[in-house]
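Trainee: One structure coming up, written as structure tokens, with questions to follow.
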Amino acid sequence: MKIAFPIKRRIILSTLLLLLTVTQLFAQTDPWIIKADKIDSSNYYGITAANGIIGLVSSPEPFKLKNVVLAGTYDLYKGRVNNFLNSFNLLNMSLWIDGEAVDAKSVSNFKQQLDMQKAAFTTVFDYQDRASVSYTYYSLRQLPFCVLMDVRITAQKDLTIDAANIIETTDALKSVNKYHDKINSPQGMIELLTSTAQSPTGKLLLCSSTNIMFAENDTQKPQLIYDGDVHLMKFSRSIKAGETFSFCIVGSSISSAFTKDPLNEAERLTIFARLEGRDRLIQGHEKAWANLWKSDIQIEGDEQSQQDIHSMLYHLYSFAREGSSFAPSPMGLSGLGYNGHVFWDFDVWMFPVYLVLQPEIAKSLIDYRFERLDAAKRNALSHGFKGAMYPWESALTGEEETPVFALTGPFEHHITGCVALAVWNYYCVTKDKTWLKEKGWPILSATADFWVSRVGQNESGKYDIKNVVCADEWAENVDNNAFTNAVAKANLQYATVTAKLLGIKANPDWEKVAKNIPTLKMPDGVTSEHATYKGAKIKQADVNLLAYPLTEITDVDQIKKDLEYYSKKVPYSDTPAMTQAIFSLLNARLGNSKESYKWFKDAYEPNLNPPFRVIAETKGGKNPYFVTGAGGVVQSVLMGFGGLNITDKGIVQVKSVLPENWKKLTITGVGLEKKTYVISR
């Protein structure tokens with residue numbers, strides 16, 4: 001039966017439906033842009049714009065950065081091991097409007113956003129009723145040591161601005177020198193503001209150089225004035241009501257970790273960027289990022305998950321680059337967390353994502369381990385072992401950098417097998433036999449020799465690995481840890497197979513030991529985490545890693561049994577994001593859609609911090625950005641929901657399921673062939 005509404009009621013109903021539609025339209029979560037419209041400076045966690053070398057971390061203050069992190073730049077500072085150092089803060093700026101300073105207290109409608117597709121961070125605000133201001137900064141992808149800030153000021157009334165670019169020195173740096181250089185060019189005089197400083201012990205020289213760049217069609221180019229007392233470059237400009245005035249700050253930052261002459265190189269790079277000009281710099285940057293995003297993950301049916309996965313990929317892409325062999329630390333270039341050291345986080349949690357989606361970057365990153373092989377051999381020798389023993393924490397040289405209070409340094413030996421896993425996986429995906437011979441084989445053979453010297457034969461003829469810190473780091477100095485034993489066995493097998501591939505005689509002990517390293521079971525058939533495990537809570541996945549990324553356990557019933565047991569042993573807090581990611585991945589492969597999605601969300605949503613949803617290591621943690629966790633969660637999508645699997649036959653797809661609310665998952669740009677995989681419900 002048709003019900004006839006009165007006209008007035010129909011109009012009201014139609015209006016409500018229209019308003020509902022409009023509200024839903026504007027409530028949509030943008031897949032590429034993370035917006036912060038309401039900013040609380042007391043509860044603010046910056047997001048990073050980075051290009052694999054320079055990380056620019058945002059601030060809630062106008063024209064400020066929290067810090068500038070420079071890859072590969074380590075020295076002793078506030079401790080006895082090498083730490084990441086903040087570089088010069090080269091994009092900080094001061095602005096005055098009609099003689100009054102612009103700061104957080106004097107602005108309104110302050111908003112920020114990150115465009116992940118273009119890797120551009122933008123801030124907008126109003127200054128009283130006089131001006132609207134916006135600025136966007138870029139860590140230029142095509143120029144690894146260069147940055148750009150694009151500023152636009154629209155006058156609401158006739159006004160005068162004074163603007164100054166200031167190079168600020170961070171507290172770790174010493175022996176600061178300041179320069180003001182003028183360079184003649186076809187485009188006129190280029191004025192450079194340059195600073196140099198030594199790292200805390202003086203072993204490194206850090207340099208930054210900047211230039212203020214005005215639009216070429218500006219007929220009233222301001223005169224730059226250098227102030228040596230506070231080391232700044234400033235100018236004044238009158239702006240008519242309704243007029244928009246724009247300018248840029250372009251600069252570079254580099255250290256002697258990259259070049260023997262960082263002072264001159266910094267100035268050369270700034271001049272180069274200056275003469276490229278604003279438009280070419282931004283176009284080159286956007287083109288480079290468009291090429292990266294050819295390898296993407298597209299989710300239909302879950303807008304927030306789509307944005308979150310883009311954010312994770314964005315950070316992984318931002319913290320590494322082709323041509324650079326500096327492997328990311330757990331916090332990437334977002335700050336100084338974990339001293340910027342490299343752990344198994346890189347080899348197990350980040351590297352597979354690079355390998356599947358950005359194999360060119362993966363090739364550069366695996367060089368980090370190859371270049372430090374000799375240091376790993378010295379580490380083995382000092383501990384009484386043969387071959388190569390990779391350090392738990394590594395920085396510039398590849399020597400052990402773990403603080404002495406942590407037992408992980410001398411005892412968390414599974415890291416050596418993790419390096420071998422990354423090396424073997426790289427060969428499996430690329431089938432690059434030349435690389436395998438020149439770089440893979442030296443690592444695989446030396447790490448296999450380590451394990452042969454590390455094991456001890458027991459009365460039954462099995463080879464025990466005693467006295468280790470587990471992958472579950474709450475279990476210290478135990479015997480026959482499940483993951484350590486399994487990754488050691490895998491390492492020995494990889495070396496044996498590689499020898500055969502290359503026509504080299506393998507050490508017969510590799511195969512002999514591999515066949516006799518035990519995987520322990522509890523009376524109920526559950527795989528035991530270690531020889532004395534009695535059901536304690538665990539920090540993170542350990543046994544479950546034997547099913548993925550290792551293939552030590554392939555029996556479905558055993559995987560289910562271990563998953564059911566250990567997923568109940570993880571406390572709600574204090575566990576890193578990777579744990580739940582592994583539970584999600586395995587459940588997806590087992591066909592458990594609801595459980596998989598539950599663990600997927602639990603892996604990161606409770607760890608998010610405002611206003612940009614940046615991931616901390618643990619639930620309620622305050623140390624973003626935890627790119628290790630991002631790597632684990634992205635793997636739960638690629639290898640869990642997507643079913644991708646790295647095997648000796650390359651990347652293959654195994655059976656898996658999507659979450660019930662996901663209509664389709666599309667993974668583009670996979671492997672060297674840049675394949676596309678589509679998974680639908």
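Trainee: Any residue that is surrounded by fewer than 19 Cβ atoms within 10 Å (Cβ to Cβ) and not polar (S, T, N, Q) - is there at least one of those in the range 626-644? Let's see the steps before the verdict.
Mentor: Pass one, the range 626-644, residues surrounded by fewer than 19 Cβ atoms within 10 Å (Cβ to Cβ): none.
The answer is no; no qualifying residue exists.
Trainee: Does at least one position in the range 448-466 carry a residue that is more than 22 Å from LEU381 (Cα to Cα), among the aliphatic types (A, V, I, L, M) and surrounded by fewer than 23 Cβ atoms within 10 Å (Cβ to Cβ)? Spell out how you get there, then give the answer.
Mentor: Step one: of the range 448-466, the residues more than 22 Å from LEU381 (Cα to Cα) are 458-462.
Subset that is among the aliphatic types (A, V, I, L, M): none.
No, the range 448-466 contains no residue that is more than 22 Å from LEU381 (Cα to Cα), among the aliphatic types (A, V, I, L, M) and surrounded by fewer than 23 Cβ atoms within 10 Å (Cβ to Cβ).
Trainee: Which one of these does ILE54 not meet: (1) more than 18 Å from SER329 (Cα to Cα); (2) among the aliphatic types (A, V, I, L, M); (3) touching a Cys at 6+ places or on another chain (Cβ under 9 Å)?
Mentor: (1)
Trainee: When both residues are 6+ apart or on different chains and their Cβ atoms are under 7 Å apart, which pairs have a first residue that lies in the range 274-292 and is modelled with pLDDT of 95 or more, and a second that is aromatic (Phe, Trp, Tyr) and assigned to a helix (DSSP H, G or I)?
Mentor: These pairs meet every condition: LEU292/TYR317.
Trainee: Answer yes or no: is there a residue in the range 557-578 that is out of contact with any Leu (no Cβ under 8 Å at 6 or more places or on another chain), part of a helix (DSSP H, G or I), at pLDDT below 95 and under 23 Å from VAL353 (Cα atoms). Please lay out each step first, then the result.
Mentor: From the range 557-578, those out of contact with any Leu (no Cβ under 8 Å at 6 or more places or on another chain) are 557-558, 561, 564-578; that's our starting set.
Of the ones still in play, those that are also part of a helix (DSSP H, G or I) are 557-558, 561, 564-566, 577-578.
Adding the requirement that they be at pLDDT below 95 leaves 577-578.
When the remaining residues are screened for being under 23 Å from VAL353 (Cα atoms), the result is 577-578.
Yes, that holds for at least one residue.
Trainee: I need the full set of residues from the range 402-420 which are surrounded by fewer than 24 Cβ atoms within 10 Å (Cβ to Cβ) and not β-branched (Val, Ile, Thr), in order please.
Mentor: PRO403, PHE405, ALA406, LEU407, GLY409, PRO410, PHE411
Trainee: Out of VAL627, VAL670, report the one residue that is closer than 26 Å to ASN592 by Cβ and not assigned by TED's automatic domain parsing to the domain that holds VAL429. Even if it seems obvious, please write down each step before you answer.
Mentor: On the way: VAL627 fails: closer than 26 Å to ASN592 by Cβ.
Only one candidate qualifies: VAL670.
Trainee: Among residues belonging to the range 656-681 that are under 20 Å from CYS428 (Cβ atoms) and not β-branched (Val, Ile, Thr), point out the one that is surrounded by the fewest Cβ atoms within 10 Å (Cβ to Cβ).
Mentor: Among those that are under 20 Å from CYS428 (Cβ atoms) and not β-branched (Val, Ile, Thr), it is GLU673.
Trainee: Here's something else I'd like to know. Please go through the range 344-378 and give me each residue that is surrounded by fewer than 24 Cβ atoms within 10 Å (Cβ to Cβ) and not in a helix (DSSP H, G or I), ordered by number.
Mentor: Selection gives GLN358 alone.
Trainee: Shifting gears a bit: List, please: which pairs have Cβ atoms under 8 Å, are six or more places apart or on different chains, and start with a residue in the range 461-490 that is in the same structural domain as PHE450 (by TED's automatic domain parsing) and touching a residue at least 60 places away in the same chain (Cβ under 8 Å) and end with one that is surrounded by 19 or more Cβ atoms within 10 Å (Cβ to Cβ) and of a type in the set (Lys, Arg)?
Mentor: ASP472/LYS539; GLU473/LYS539; TRP474/LYS539; ALA488/ARG454
Trainee: Could you count how many residues in the range 184-222 are of a type in the set (A, V, I, L, M, F, W, C) and modelled with pLDDT under 90?
Mentor: Within the range 184-222, residues that are of a type in the set (A, V, I, L, M, F, W, C) and modelled with pLDDT under 90 number 2.
Trainee: If you scan the range 306-350, which residues turn out to be closer than 15 Å to ARG369 by Cα, under 13 Å from the mean Cα position of the chain (by Cα) and aliphatic (A, V, I, L, M)?
Mentor: Once the filter is applied, which keeps residues that are closer than 15 Å to ARG369 by Cα, under 13 Å from the mean Cα position of the chain (by Cα) and aliphatic (A, V, I, L, M), the range 306-350 yields ALA320, ALA327, VAL342, MET350.
Trainee: Between a first residue in the range 225-236 that is within 17 Å of ASN89 (Cβ to Cβ) and a second residue that is among the polar types (S, T, N, Q) and in a strand (DSSP E or B), which pairs have beta carbons less than 6 Å apart while being 6 or more apart in sequence or on different chains?
Mentor: Every condition considered, the pairs that remain are MET233/ASN165.
Trainee: Please give the strands (runs of 3 or more DSSP E) falling wholly within the range 587-681 in which 2 or more residues are farther than 30 Å from LEU336 by Cα and either more than 26 Å from the chain's Cα centre (by Cα) or of a type in the set (D, E, K, R) (or both).
Mentor: Hits in the range 587-681: 675-680.
Trainee: Is it true that LEU333 is modelled with pLDDT of 95 or more, surrounded by 22 or more Cβ atoms within 10 Å (Cβ to Cβ), assigned by TED's automatic domain parsing to the domain that holds GLY631 and not polar (S, T, N, Q)?
Mentor: Yes.
Trainee: Go through (1) under 28 Å from LEU85 (Cβ atoms); (2) of a type outside the set (Val, Ile, Thr); (3) at pLDDT 90 or above and name the single condition GLY228 misses.
Mentor: Of everything listed in (1) under 28 Å from LEU85 (Cβ atoms); (2) of a type outside the set (Val, Ile, Thr); (3) at pLDDT 90 or above, GLY228 misses just condition (3).
Trainee: Can you name the strands (runs of 3 or more DSSP E) wholly within the range 202-301 that have at least 3 residues being in contact with a Lys or Arg (Cβ under 9 Å, 6 or more places away or on another chain) and within 24 Å of ALA49 (Cβ to Cβ)?
Mentor: On the way: elements: 205-214, 225-227, 232-239, 244-255, 297-300.
Once the strands (runs of 3 or more DSSP E) in the range 202-301 are filtered for at least 3 residues that are in contact with a Lys or Arg (Cβ under 9 Å, 6 or more places away or on another chain) and within 24 Å of ALA49 (Cβ to Cβ), what remains is 205-214, 244-255.
Trainee: Something else: Please pick out the residue among LEU85, LEU76 that is at pLDDT below 95 and touching a Lys or Arg at 6+ places or on another chain (Cβ under 9 Å).
Mentor: LEU76
The values are calculated or read from the model by the stated rules, or taken from the named source; none is laboratory data. Fair warning: this is a prediction, and the values are worked out from it, not measured in the lab. Cβ atoms come from the backbone with ideal geometry, glycine included; neighbour counts cover every protein chain shown.
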